[in-house]
1. For segment 81-125, enumerate the residues that are at positive phi and out of contact with any strand residue (DSSP E or B) (no Cβ under 9 Å at 6 or more places or on another chain).
2. Residue check: is Gln132 at pLDDT 95 or above and surrounded by fewer than 23 Cβ atoms within 10 Å (Cβ to Cβ)?
3. For Val155, are the conditions met, namely being crowded, with 24+ Cβ neighbours inside 10 Å, out of contact with any Leu (no Cβ under 8 Å at 6 or more places or on another chain), touching a residue at least 40 places away in the same chain (Cβ under 8 Å) and not in a loop (DSSP other than H, G, I, E, B)?
4. Looking at Arg44, Arg84, which one is in contact (Cβ under 8 Å) with a residue 24 or more places away in the chain and basic (Lys, Arg)?
5. State whether the residues of segment 299-313 include one that is small (Gly, Ala, Ser), without any contact (Cβ under 8 Å) to a residue 40 or more places away in the chain and either exposed (fewer than 13 other Cβ atoms within 10 Å of the Cβ) or on the phi > 0 side of the Ramachandran plot (or both).
6. Just for helices (runs of 4 or more DSSP H) wholly inside segment 1-107: which have at least 1 residues that are modelled with pLDDT of 95 or more and of a type in the set (Ser, Thr, Tyr)?
7. Restricting the first residue to segment 180-194 and requiring it to be over 27 Å from Thr261 (Cα atoms), which pairs with a second residue that is part of a strand (DSSP E or B) and polar (S, T, N, Q) meet a Cβ separation below 9 Å and a spacing of at least six or different chains?
8. Specify the residue that is modelled with the lowest pLDDT; the eligible residues are those in segment 288-317 that are hydrophobic (A, V, I, L, M, F, W, C) and under 28 Å from Leu207 (Cβ atoms).
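The values are calculated or read from the model by the stated rules, or taken from the named source; none is laboratory data. This is a predicted model, so every value here is computed, not measured. Don't worry about glycine lacking a Cβ; one is built from the backbone with ideal geometry, like all the others, and counts go over all protein chains shown.
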Amino acid sequence: MSDKATMIWRCPTCHGSLSVIDTNLRCESCQAHYPVIDDIPDLRVALDCWIDLDEDRKRAREAADRVERDGLEATIHHIFRSSRGMDERKAGYRTRQVLAGVEKCQSQCSDWLKPAVETNGIILEIGCGPGQLLAAAATRGCDVMGVDVSLEWLVIARHLVERYGGKPELAAGFAEQLPLADNSVAAIVSLDVIEHVGDQDAYVSDLRRVLKPGGFFGLSTPNRFSLSPEPHVNVWGVGYLPRSLQARYVKLVKNQPYTFTRLLSVRETKKLFSGSRGFEAEVVFPTIPEQELSGFKSAKKRLALIYNWMVGIPLVKLFLPFFGAYYRVSGNIKN
């Protein structure tokens, strides 16, 4: 554990400073202890979530050993096969998707996330997963940090970012209880995360807490009211139902659970970012990127191209909150 890491990270409960005790971290204020695995502190607290924390720590240790033994690509493939229960074909596809994701994120860094990579300070990604965006930002010389609920994926993120020449600071943590001091980062990026957070209001409040005045934030999320299938379960019409019926509907149609997923409408998102919190936020429905289109089958690609054409029509933009696929929220904190 580096001295820099203990200076950056804070106790997620009381935001006190951390010190190294043997191979763990201890909060100097409340005396809470946190383990460190593969040089990554586990700063998660007791919150309901989709992941079993003890099992995740075990898998993280296994992933760290496997990367050294079998390499990064083989380890990612193993995670999809074992932890995520995918068959060989799908695991191979998702592994290639992870590795190709760095190029996709580099494109975003030149587009709507350009203010983040041009900031003079630390870029924090909340929900960094296997680290593609952190790797893309590292190629531009950015000072990057990542928080994710999955310690297993953070082991992958560490090695992926290092492959691209970066030295990331990573920690396992919850988005609604970030292990960081107030006003400590210059930019925050959080892609496809807010819909999985247990307390979305707390998530937005903590984003505001750790972001410096004038700092940039960029989020993306699937639209609740979308004519396309719900992306996590591939079921049509979920978002148009009352929330009390959504899980039962998904269970009936797909025989799958629908927990720890709460898609937001544009109206609901704007309400979260409104009020006295000091956000200056803009909501945009972007076109589907070319990198994603290339992976679609012919029928789906034709529909996506029609959607991209419609997004550019001024009158249609007024109705995108009621059928658009996904949207971005970006802006700054008022000085």
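1. So in segment 81-125, the residues at positive phi come out as 85, 121.
Within segment 81-125, Gly85 is the sole residue that qualifies.
2. Working: at pLDDT 95 or above: yes; surrounded by fewer than 23 Cβ atoms within 10 Å (Cβ to Cβ): no.
Judged against the criteria, Gln132 is not a match.
3. On the way: crowded, with 24+ Cβ neighbours inside 10 Å: yes; out of contact with any Leu (no Cβ under 8 Å at 6 or more places or on another chain): yes; touching a residue at least 40 places away in the same chain (Cβ under 8 Å): yes; not in a loop (DSSP other than H, G, I, E, B): yes.
Here the answer is yes, as Val155 does meet what is asked.
4. On the way: Arg84 fails: in contact (Cβ under 8 Å) with a residue 24 or more places away in the chain.
Being in contact (Cβ under 8 Å) with a residue 24 or more places away in the chain and basic (Lys, Arg) holds for just one of Arg44, Arg84, which is Arg44.
5. The initial filter retains those residues of segment 299-313 that are small (Gly, Ala, Ser), namely 299, 304, 312.
Retained after the next criterion (residues that are without any contact (Cβ under 8 Å) to a residue 40 or more places away in the chain): 299, 304, 312.
Okay, now just the ones that are also either exposed (fewer than 13 other Cβ atoms within 10 Å of the Cβ) or on the phi > 0 side of the Ramachandran plot (or both), so 299, 312.
Scanning segment 299-313, I find at least one residue that is small (Gly, Ala, Ser), without any contact (Cβ under 8 Å) to a residue 40 or more places away in the chain and either exposed (fewer than 13 other Cβ atoms within 10 Å of the Cβ) or on the phi > 0 side of the Ramachandran plot (or both), so the answer is yes.
6. Numbers: elements: 3-8, 53-70, 72-82.
Helices (runs of 4 or more DSSP H) meeting the threshold: 72-82.
7. Taking only residues 6 or more apart or on different chains, the pairs are Ala181/Ser17.
8. The qualifying residue modelled with the lowest pLDDT is Ile288.
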